[in-house]
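The structure appears below as structure tokens.
The values are calculated or read from the model by the stated rules, or taken from the named source; none is laboratory data. The structure displayed is predicted, hence computed values, not measured ones. Ideal geometry is used to build each Cβ from the backbone, glycine not excepted, and the neighbour counts take in all protein chains shown. Surface areas here come from the heavy atoms of the whole protein model, side chains and all, with no ligands, DNA or RNA. Shrake-Rupley method; radii C 1.70, N 1.55, O 1.52, S 1.80 Å.
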Amino acid sequence: MGYKLRVTGLCLICAMMVQAQVWRSHLAYNNVTQIAMSEDVVYGLSDGSIYGVDKMTEKIYVYDRQAGLHGSDITCIAYDETGKQLIIGYSTGKIDILTSSGMRYIAALYEKDMTQRKTIYNVTISGGTAYLSTHFGIQTMDLKENK
């Protein structure tokens, strides 16, 4: 009997070690509240998380903190066709810009010293400017300089 207990204990330790080394995100993607489309990918915002579906292959891309996002409560997305980039707004005022070369983080609104909420509710793109609808008014961002 003692031998069986040791083997069971060893199997349990091995299983715990395997699970401790693998991180997976389990996010809900069934309540899409906003979409943005590029030439190749349809992006969906669902319960504060983003995923993309390739139009040709139907492959699904998951975007989360492990993939380079700088926050977890995404409130809006918009695709800039001219710059070929996805603008991602957060409830904290953080902004991520997803391009084919990776993720860029814009911290200007997040780091602004103010007492009002910095939630970005919507992004509208016109020309080279993104208009960010926030709790305290409209903020503009030059998409060419990312400021």
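If I filter the range 113-125 for residues that are open to solvent by 60 Å² or more (accessible area, probe 1.4 Å), in a loop (DSSP other than H, G, I, E, B) and at pLDDT 90 or above, do I get at least one hit?
Looking through the range 113-125, at least one residue is open to solvent by 60 Å² or more (accessible area, probe 1.4 Å), in a loop (DSSP other than H, G, I, E, B) and at pLDDT 90 or above.
What tally of residues in the range 93-112 results from selecting those that are outside any loop (DSSP other than H, G, I, E, B) and in contact (Cβ under 8 Å) with a residue 24 or more places away in the chain?
9
Considering only the range 133-147, state which residues are farther than 17 Å from T92 by Cα and of a type in the set (S, T, N, Q).
Residue satisfying the conditions is N146 alone.
For the subset of the range 45-60 comprising residues that are modelled with pLDDT under 90 and assigned to a loop (DSSP other than H, G, I, E, B), which member is most open to solvent (accessible area, probe 1.4 Å)?
So the residue we want is D47.
Can you tell me how many residues within the range 126-147 are outside any strand (DSSP E or B) and open to solvent by 50 Å² or more (accessible area, probe 1.4 Å)?
Of the residues in that region, 6 qualify.
Starting from the range 58-82, keep only residues that are at positive phi and among the polar types (S, T, N, Q), then list their pairs with residues that are at pLDDT 85 or above and outside any helix (DSSP H, G or I) whose Cβ atoms are within a distance under 9 Å, requiring at least 6 positions of separation or different chains.
If the second residue must be at pLDDT 85 or above and outside any helix (DSSP H, G or I), no pairs are left.
Do the conditions hold for E39, that is, is it closer than 19 Å to T124 by Cα and loosely packed, with under 14 Cβ neighbours inside 10 Å?
It is true that E39 is closer than 19 Å to T124 by Cα and loosely packed, with under 14 Cβ neighbours inside 10 Å.
Specify which of the listed residues (Y90, Y110) is under 17 Å from the mean Cα position of the chain (by Cα), modelled with pLDDT under 95 and farther than 23 Å from Y51 by Cα.
Y110
Across the range 79-108, what is the total count of residues that are under 24 Å from F136 (Cα atoms), surrounded by fewer than 22 Cβ atoms within 10 Å (Cβ to Cβ) and of a type in the set (G, A, S)?
3
Name every residue in the range 130-143 that is under 11 Å from G83 (Cβ atoms) and over 19 Å from the mean Cα position of the chain (by Cα), in order of residue number.
If the condition is that a residue be under 11 Å from G83 (Cβ atoms) and over 19 Å from the mean Cα position of the chain (by Cα), then D142 is the only one that fits.
Listed residues V32, V42; which is modelled with pLDDT under 95 and over 24 Å from Q139 (Cβ atoms)?
V32
Name every residue in the range 61-77 that is among the aliphatic types (A, V, I, L, M) and either assigned to a strand (DSSP E or B) or surrounded by 19 or more Cβ atoms within 10 Å (Cβ to Cβ) (or both), in order of residue number.
The answer is V62, L69, I74, I77.
What is the residue count in the range 117-132 for residues that are out of contact with any Cys (no Cβ under 6 Å at 6 or more places or on another chain) and farther than 13 Å from S91 by Cβ?
Residues that pass the stated criteria total 8.
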